[in-house]
Number of protein chains: 2
Amino acid sequence: MYVTSGFFLGILSLYFGLNSPQMFSQATKYAIKSVIYIWTQSLEDRKVGAKEIGANIEAPEAFTAKILQLLTKAKIVGSIKGPNGGFFADESHAKYTLKDVVKTIDGDQLFAGCSLGLPRCSEKNPCPLHFEVVKVRTEIDHMLTAKSMKQLAVEVIKGNTRLAELV
Amino acid sequence: MYVTSGFFLGILSLYFGLNSPQMFSQATKYAIKSVIYIWTQSLEDRKVGAKEIGANIEAPEAFTAKILQLLTKAKIVGSIKGPNGGFFADESHAKYTLKDVVKTIDGDQLFAGCSLGLPRCSEKNPCPLHFEVVKVRTEIDHMLTAKSMKQLAVEVIKGNTRLAELV
DNA sequence: ATAATAAAAGACAATTAAATCCTTTATTAT
DNA sequence: ATAATAAAGGATTTAATTGTCTTTTATTAT
C-alpha cells in the first residue's frame, strides 16, 4: 500500500475560524501612530517624511504613505512637498482627536449602526445586543474624544506612553 | 479632439479609505444570530437545519453551515446527522454566553492584546490608548457575559428583541 | 439492505483589506 | 533653468475574509 500524493495536502488545509477582527483596522492603527508621531516631532519643530514615520511606528513605508494622504486630505495633519518638506502639525490641527482619525480611515461603523447588521435596529425595535452596545459605545466615544492627538503626543514625549517597542 | 478611452476609467478608480471594521466580523454576526435562533426553536422542541437557519437570520446558507460546524465543534450547540436531524441546544449548552461565541469565531483579540498592536503593551509600558481601552473592554466584557445565549433567545421569543427585519 | 436526509469536510471562487511599486506634481536649492 | 527632493496619485499584487459548491459520512425510515 502506497502513501497517496494527497497525503501532505491535509496538513496545508485551511483552518476556517480564528479570524482576528480588532477594535481598529490595521490602517487605522498606523494612522493613529502616524499622527501622534508627527505631533511629537512638530512639537520640536521638525517636519517628517513618510519613510521616517514608517520606521518609527513600525509600519510599512508605502502603506503608511497612502494613509498619510488620507490624513492630509482630511486636514488632520499638514504636508509640504519638495526639499525640506514633509508632514507636520500645528495649532490649526490641535483640535483633532482619535475619533477624527478613526472616522477618516475606518468610517463611523464602530460608533454607528447595528452591531449585528440589522438595517432598522433602534430603541423601539432593538436587536438582542442593542442596549448593551449603547453602553460600550459610550465608553468608546469617551476613549476617542477624551484627549486631542496633540495631548497624546505630549504623553509620548514625556515618556509616559510609547508608539513602538523599546529596544 | 476626441475623448480618450481612459475617460471612464477615472470613475472606476478605487477609493482607498472608507473601510468598515465593526465590532464583530460578519462570520461572528451570523454565529450570534444562529445560536440565538437555534435556541428559540429548541425551546419549542424543534431541531433546525442550516437552510432554515440561514433563511431566518438573513445569512447565506452555505456560509452559515460552515459557521455552524465551528459552533458545533466548540459544543456551543449540538447537532445530529440524518433524517430528523439538525442543530439544537439543551441544558448542556445553557451556560454559554456571547463571549464564547465570539471567541469561537473571532478569537479573543477584541478582549486581549494591545489595540494598537504593540507586542509588549502593559500597565507599566502602555501605548497611548492603554488605560482607556481597559475601560472599554470592561464594558465589552459585560456586554458579552451579562446574559446566556438561552436568555437572549427568550427575549426574542417574547418579542422584546429580534434577529431579522420585520415585514 | 436500501434510499433518503442532513451535517461534516474539503476544494474552490469572489470580494475586501493590506501592502507595494511606479509615475506625476510641487517645491526648493543650486 | 535645472537637478534633487518629497508628497500625491494610480495601478497592481498579495493576503485574508467571505461565500459557494461538491463529496463524504452518519443516521433513520422504509
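The values are calculated or read from the model by the stated rules, or taken from the named source; none is laboratory data. Remember, it's a predicted structure, so these values are computed and weren't measured experimentally. Every residue, glycine among them, receives a Cβ derived from its backbone with ideal geometry; neighbour counts consider all protein chains shown. Ligands, DNA and RNA are stripped out before the accessible areas are found, and what is left, the full protein with its side chains, is counted by its heavy atoms. Shrake-Rupley method; radii C 1.70, N 1.55, O 1.52, S 1.80 Å.
Per-structure values
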item: Residues located in region B:147-163, provided they are within 7 Å of chain A (Cβ to nearest Cβ) and touching a residue at least 40 places away in the same chain (Cβ under 8 Å); result: B:Leu152, B:Val156
item: Which numbered condition B:Gln26 fails, given (1) more than 13 Å from the chain's Cα centre (by Cα); (2) open to solvent by 10 Å² or more (accessible area, probe 1.4 Å); (3) of a type outside the set (Gly, Ala, Ser); result: (1)
item: Residue among B:Ile80, B:Ile53, B:Ile67 that alone is buried (at least 21 other Cβ atoms within 10 Å of the Cβ) and within 12 Å of DNA strand D (Cβ to nearest atom); result: B:Ile67
item: Which numbered condition A:Ala62 misses (of (1) under 14 Å from A:Ile32 (Cα atoms); (2) open to solvent by 40 Å² or more (accessible area, probe 1.4 Å)); result: (1)
item: Number of positions in region B:41-50 that are crowded, with 18+ Cβ neighbours inside 10 Å and within 15 Å of DNA strand D (Cβ to nearest atom); result: 1
item: Checking A:Thr72 against (1) in contact with a Lys or Arg (Cβ under 8 Å, 6 or more places away or on another chain); (2) open to solvent by less than 40 Å² (accessible area, probe 1.4 Å), the condition it does not meet; result: (1)
item: Counted residues, region B:39-56 - those being among the β-branched types (Val, Ile, Thr) and farther than 16 Å from B:Lys81 by Cβ; result: 1
item: Hits in region B:51-60 (condition: under 16 Å from the mean Cα position of the chain (by Cα) and within 9 Å of DNA strand C (Cβ to nearest atom)); result: B:Ile53
